[in-house]
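The structure appears right after this line, and notes come after that.
Rule-based calculations on the coordinates, nothing more; no lab input. For clarity, every value in this text was computed on a predicted model and none was experimentally measured. Because the Cβ atoms are built from the backbone with ideal geometry, glycine has one as well, and the counts that use them run over all protein chains shown.
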Amino acid sequence: MFSREESKKLTQEFWTSFGRKYEQQWILYNTKIKEVQLKFTFNRKFAQVAMDVASADEVIQEYYYEKLLSLKKILKEEYLPQAQFEENYALPEGKTVSRVYVQFDNVSVHSKDDWPKVQNFLAENMLKMESFFTDFEDFIKS
């Protein structure tokens with residue numbers, strides 16, 4: 001078991017090493033669509049690359065999520081075959097978002113042996129997610 005401080009230190013160490021290995025500028029929060037963000041997650045159970053749709057207005061959130069759903073076949077056939085869609089994805093802090101994601105299970109930020117394969121998974125899949133997003137950005141925005 002790791003203390004909270006040890007866990008925090010390992011997490012920071014992972015993200016620092018990831019940033020050094022993959023120096024490109026990721027889109028992430030800079031989608032130019034307030035309700036849509038791209039995210040990396042790596043915790044004690046899984047690694048994930050996601051596109052989140054979040055809004056205080058349920059109608060707006062549903063609107064953007066339905067746009068992504070309409071592109072599901074293209075996303076899965078041409079970019080991310082393993083992509084999963086969840087309309088109501090619960091975040092650890094209790095907030096609910098609509099999420100499109102790919103996940104790598106049974107890896108842990110606490111295991112440095114997992115880091116190389118997780119870094120590769122995150123980079124490869126975020127490049128594909130970003131490519132999908134930029135290819136369809138105008139459609140998603142409209």
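Observations
- Among the residues making up segment 34-71, those that are assigned to a loop (DSSP other than H, G, I, E, B), surrounded by 13 or more Cβ atoms within 10 Å (Cβ to Cβ) and aliphatic (A, V, I, L, M) are A54, L71.
- Residue within segment 126-133 that is closer than 16 Å to W26 by Cβ and acidic (D, E) present: yes
- Output for segment 72-93, where each listed residue is part of a helix (DSSP H, G or I) and surrounded by fewer than 18 Cβ atoms within 10 Å (Cβ to Cβ): K72, K73, I74, K76, E77, E78
- Out of S98, S108, S131, one residue alone is in a loop (DSSP other than H, G, I, E, B) and of a type in the set (S, T, N, Q). It is S108.
- Screening K95, K117 for residues that are among the basic types (K, R), closer than 20 Å to Q24 by Cβ and out of contact with any helix residue (DSSP H, G or I) (no Cβ under 7 Å at 6 or more places or on another chain) leaves exactly one candidate, K117.
- Qualifying residue in segment 24-46 (condition: among the aliphatic types (A, V, I, L, M) and farther than 27 Å from L10 by Cα): yes
- Top-ranked residue in segment 112-128 [being touching a Leu at 6+ places or on another chain (Cβ under 9 Å) and assigned to a helix (DSSP H, G or I); ranked as farthest from T16 (Cα to Cα)]: K128
- Flag for L28 being out of contact with any Lys or Arg (no Cβ under 6 Å at 6 or more places or on another chain), closer than 24 Å to L122 by Cβ and part of a helix (DSSP H, G or I): no
- Residue within segment 98-105 that is within 19 Å of I33 (Cβ to Cβ), surrounded by 18 or more Cβ atoms within 10 Å (Cβ to Cβ) and among the polar types (S, T, N, Q) present: yes
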